[in-house]
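Read-outs: derived from the displayed coordinates by stated rules, not from any lab. The shown structure was predicted, so the numbers you read here are calculated from the model rather than taken from an experiment.
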């Protein structure tokens, strides 16, 4: 597959349709996004679909489906599962002499053709079709539903008795479950045994959504399959376990972090989907002013920079984005994490192992003997870790870490409450970034409206002369009927200047520090979220949900 794709890239260059420079630029983008060279060239309008497909057809001697009315085999259409057809973007045409003739719209989708052939145990003859036509056929004959994931399984399995022949559908089910969750942009898959069902839920844009459940008597086989893939002991049901799965969906490789927990009706599993791509600072949601200030802070030679927020607020994503900007060739960067979520080349990453006494504090002490320039501590959990971080900052190191606080000024109080002297906090703390993740409106179905006075009052806005348009969530098939598609960050950046430093030194309450920071221009979380509403990116309801404590 890779050799053919390499030939196509060289063929495009040889034909003069793209320049060597454009190819090099596309390869650099590919390293960051894991997208194919062909898709990158399409997205940047360097080459159009028709031209690219014609060249690939010529180079690889592919067949092209002739235009006209298709003589469809309805019985064959019913035999091919809807999930498979949509997953692989393959449309069945006819079946003759152990050969299935299909239409497909991606001439470089060799892996899907091979996988489809293995699943159906049939030879495949493929003919190229226009992408728009493929969309039309799939939408008409194979509308997607959650049931599609499970509809290809045998109707009945004997309780706790699955033969070797019946294991294959369970293997397919787990693979399709992961694929479906990834394509729906889920961050987690929750597999939860209940009294009368095996509940499947995806966390999409921060909120859990229930999916169609498989048969209850498949529970043991599904759980065992996931544990096996994650390298766990499938015979151990009494103790929690952790594991990791590496897989590929749509030619993109990613990891899943798997954890089990014994529960009343069986082991509860959570699969955390870890996208291998590290986001850039400009992608995470800063305003221009915030980003400029934050980039200046993270380039200081020493001190402590904290990122705060509840679990799932994107703290790790922000820290990885920061580390991605560092000069890893000229600076020694070490991280201590629990666990290591994303692997970054050029950085030494250490995972804590509490069972053998390898905790944050112990790793930190060891790291200081490694002569690092920058240290990232996954979380400051206790006085020992906090004290070592402070001492490291005092001796010329730049420390990044996280805390669980509701806002930026509260981080100061948390450190002091842990037992760190206020004068040491004042001497080492450079900035605190509080953050949350807020859902973005689906661009395909959002609806403009005139906001009522109560909403404007709560957001402290007067739109009489502004000309701004507000939008609300509606819901469509592309956003799984939620009205939202993706998330972005909202931030509260507290920069420790001389005045703030003096307030910390005097051990004044966080409310005083907050007032002083606002005077200096700090946007609080609610204000940044309101900016997102005014930009048409999110809704009043999201601001209420995410920043309710501030509004109250």
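Does anyone have the angle between helix 110-120 and the longest principal axis of the chain? Alpha-carbon axes, 0 to 90°, nearest 10?
Computed tilt is about 60 degrees.
Tell me the angle of helix 20-33 to the major Cα principal axis of the chain, expressed in degrees between 0 and 90 and rounded to the nearest ten.
70
Kindly identify the range 205-302 as rounded, prolate or oblate by the Cα gyration tensor criterion: order the square roots of the eigenvalues as a ≥ b ≥ c, call it rounded if a/c is under 1.5, otherwise compare a/b with b/c, prolate if a/b is larger, else oblate.
Prolate shape, in that a/c is at least 1.5 and a/b is the bigger ratio.
Does anyone have the angle between helix 315-325 and the longest principal axis of the chain? Alpha-carbon axes, 0 to 90°, nearest 10?
So the inclination is approximately 90 degrees.
In whole angstrom, note down how far apart the Cα centers of the range 423-442 and the range 488-521 are.
Computed from Cα coordinates, the inter-centre distance equals 11 Å.
Treating each Cα of the range 325-439 as an identical point scatterer and ignoring solvent, apply the Debye formula and state log10 I(q)/I(0) at q = 0.11, 0.13, 0.15, 0.20 Å⁻¹.
Taking Cα atoms of the range 325-439 as identical point scatterers yields -0.37, -0.51, -0.69, -1.18.
For the range 402-463, what mean projected area does the convex hull of the alpha carbons give, in nm²?
Mean orientational projected area (the range 402-463, Cα hull): 7.3 nm².
Note down the relative contact order for the chain as a percent, whole number, built from C-alpha pairs under 8 angstrom at least six residues apart.
About 9 percent, as a whole number.
Apply the a/c threshold of 1.5 to the C-alpha gyration tensor of the range 509-552 and tell me whether it is rounded, prolate or oblate.
Here the range 509-552 falls in the oblate category.
Indicate the gyration tensor shape class of the chain (rounded, prolate or oblate), computed on the Cα atoms with a ≥ b ≥ c the square roots of the eigenvalues: a/c under 1.5 is rounded; otherwise a/b larger than b/c is prolate and the rest oblate.
prolate
Where both residues lie in the chain, what percent of DSSP beta bridges are antiparallel, nearest 5?
Around 65 percent antiparallel, to the nearest 5.
Scattering from the C-alpha atoms of the range 351-504 alone, worked out with Debye: what is log10 I(q)/I(0) at q = 0.11, 0.17 1/Å?
Log10 I(q)/I(0), no solvent term: -0.66, -0.97.
Take the range 414-523, compute every pairwise Cα distance, and split them into 5 Å bins from 0; I just need the percent in each bin.
Answer for the range 414-523: a P(r) of 2, 10, 13, 14, 13, 11, 9, 9, 9, 7, 2, 0 percent.
Hey, how many Å between the Cα centroid of the range 328-346 and the Cα centroid of the range 218-286?
So the two Cα centres are separated by 22 Å.
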